[in-house]
Ligand code: ZN
């Protein structure tokens, strides 16, 4: 009885966080601009209520009563895992003074406007005071959260628990060693043609085709929908309502298509989590206070990257699905075949902007941000020296001279929210996607399914090994069970090397 009462309380925390997500989805898709100010207050109220309910005295006494009830059960049973996770989350939140949380929320609420103005004017000095405060506050937060090696470890904990500066360093070194020679070699080669991707693709037809492909990969529209937004995202309000969004550019067809496949990959993680976990902590991020089944941001990103890149940008996928693309866009694709289409959507072109980066250059944008955030956090890089450090890294990795801060250090929205430590998940997601796709392909049913444009076996494999477990196992436990080892960049590097050697002859 005690455990059930405790579980119902956790269900209420989950309800509040789902309500917050719905308000946020609405704000980013349907809300008229006039609603922004009051909506921000509503979101903040729900956030505070969820946190307060989680750490409330009577919640803690419910947990105190639940723990002895399940003490006789195995330590790895669902009930024991839930109790441990909630205990850990309560401890985490109580370590951080409420005053500091309030200050960060305040910084976040004013940050977006300051950042947007500074970016529009390409004026880093206008953003410097806000960023200086953000760095100082996060540094202070790291001390309260606690860490063993590096203060940045404490900041990453909220997004990628267990990841540290010490573990990322060798991972990044292996990625650079594997990917830089490839990038250098490609720079010497002729680019595939992309003119047909820049023709006029009407918005409605792009939406319909993207959704058709997403459904083909397993996205369930009975529990999902697609809407337009400015910065595309996926969000779930339990596994029974998992929505995706996209942005249409009418003269750049791959943007929305692969964006939709990406968000659909995220959506599959949520839609196919175990129904028994609905409203439980195994479908709630109690550290980040967010209703989500994925176990870490990196694990989530592994699913989006896998369906977008490993599947969606593969030669096999377009050999089998190009016909559908030409049916949808007969005029635009009249003079193109599957081969040319596949080459075009895989073109490599180093650029300044992370969100526009291709598959090969994307991780360099991430590695530079993680290194810079870690250096800002430990004080080895001063905020005033940030543009110089940023531009030097872009030159080193991509060979480009950053023309202005708008296309450099001011491009990302992340810091304006008061958050530091969010970036590593993108690259971890790519690495995990490589491992999981390699492991899935060893299953004969998955491989023969994909060879016939049937993606249900692949989706089912991912559900068995990843989706269904929700937050039951840690990211590394999940990865070891599914692929036999912890983070290993080798399959990802092999995937990139074999694809680009085919396309570019390098
Ligand atoms: Zn994503």
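Structure data summary
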quantity	calculated
In region 281-298, residue nearest to the ligand (Cβ to nearest atom) [restricted to those that are buried (at least 24 other Cβ atoms within 10 Å of the Cβ) and not in a loop (DSSP other than H, G, I, E, B)]	297
Complete set of residues in region 230-248 that are part of a loop (DSSP other than H, G, I, E, B), without any contact (Cβ under 8 Å) to a residue 60 or more places away in the chain and in contact with a strand residue (DSSP E or B) (Cβ under 8 Å, 6 or more places away or on another chain)	232, 241, 247, 248
Members of region 188-202 that are assigned to a helix (DSSP H, G or I) and loosely packed, with under 14 Cβ neighbours inside 10 Å	195
Subset tally (residues that are modelled with pLDDT of 95 or more and closer than 15 Å to residue 133 by Cα) for region 373-414	10
Residues of region 462-506 classified as closer than 14 Å to residue 439 by Cα and in a loop (DSSP other than H, G, I, E, B), total	7
Which numbered condition residue 316 fails, given (1) in contact (Cβ under 8 Å) with a residue 60 or more places away in the chain; (2) crowded, with 19+ Cβ neighbours inside 10 Å; (3) closer than 24 Å to residue 460 by Cα	(2)
From the options 251, 227, residue that is in a loop (DSSP other than H, G, I, E, B) and in contact with a helix residue (DSSP H, G or I) (Cβ under 6 Å, 6 or more places away or on another chain)	251
Any hit, region 316-328, residues being away from the ligand (no atom under 11 Å from the Cβ) and either in contact with a strand residue (DSSP E or B) (Cβ under 9 Å, 6 or more places away or on another chain) or in a loop (DSSP other than H, G, I, E, B) (or both)	no
Hits in region 431-447 - residues which are farther than 17 Å from residue 467 by Cα and either crowded, with 21+ Cβ neighbours inside 10 Å or at pLDDT below 95 (or both)	431
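A quick yes/no check of all residues on (1) part of a loop (DSSP other than H, G, I, E, B); (2) touching a strand residue (DSSP E or B) at 6+ places or on another chain (Cβ under 7 Å); (3) within 11 Å of the ligand (Cβ to nearest atom); (4) on the phi > 0 side of the Ramachandran plot:
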site	(1), (2), (3), (4)
262	no, no, yes, no
273	yes, no, no, no
276	no, no, no, no
279	yes, no, no, yes
300	no, no, yes, no
303	no, no, yes, no
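The values are calculated or read from the model by the stated rules, or taken from the named source; none is laboratory data. As the structure is a computational prediction, the values presented were derived from the model and not from experiment. FYI the Cβ positions are ideal-geometry reconstructions off the backbone, even for glycines, and counts take in every protein chain you see.
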